[in-house]
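Quick notes on the structure that follows.
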Amino acid sequence: MSAVENVPDERLLIEAAQHDPARFAELYEQNFDRVYAYIASRVHDRDQAEEMTAEVFHQALANLSRFEWRGLPFSAWLIRIAANKVNDRWKSASRETELPEEPPVPDVGLGAERAIEGHAMLAKLVETLPDDQRFVIVRRFVDQQTIREIAKELGRSEGAIKQLQFRALQSLKERARSHS
């Protein structure tokens, strides 16, 4: 059976699950591998991937009554939920690795003090970037990952990562100029 022939069956299955949550198990079975693979390719930790996959299906079941059929595969909705979970995890991870608000300033010359202030300002400006740009900047310049490594982690092309990096750097330059 082709994917096109399967669409009416999926729609009927979704409608059945909306009326009887016990029917959601069939949707879970059909889509688990795809959702898990999506998350695992971005998280790289089996326990986290399993936990997040469970969260995706829990959220999907909780919100199934609000799902509206628009002709797209049900997996597209699940992947959108998964993408949001992954982004939320990245946000949490970036917050956990932040520096303390007032780092100790060593008693060194005026030039070093200005450099420290510059780094602090830059760190604050990086925090104002959109999530995907901030993630690329942190991975690229703090974690010193290559474009290829970041692309693989995010499941995007190297060109897309270069574009995110370019936009982030341009934005940082503009914001730094307005703060000086």
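The values are calculated or read from the model by the stated rules, or taken from the named source; none is laboratory data. From a predicted model like this one, the values you see are computed outputs, not experimental measurements. Positions of Cβ are backbone-derived with ideal geometry, glycine not excepted, and every protein chain shown enters the neighbour counts.
Structure values in brief
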quantity	calculated
Helices (runs of 4 or more DSSP H) fully within segment 120-180 counting 1 or more residues that are farther than 22 Å from Val43 by Cβ and not assigned by TED's automatic domain parsing to the domain that holds Trp90	158-179
Any hit, segment 71-84, residues being over 16 Å from the mean Cα position of the chain (by Cα), modelled with pLDDT under 85 and under 30 Å from Ile14 (Cα atoms)	yes
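Yes/no matrix, rows are residues, columns are (1) modelled with pLDDT under 80; (2) under 16 Å from the mean Cα position of the chain (by Cα); (3) not aromatic (Phe, Trp, Tyr):
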| residue | (1), (2), (3) |
| --- | --- |
| Phe135 | no, yes, no |
| Ile147 | no, no, yes |
| Leu154 | no, yes, yes |
| Ser157 | no, yes, yes |
| Ala160 | no, yes, yes |
| Ala168 | no, no, yes |
| Lys173 | no, no, yes |
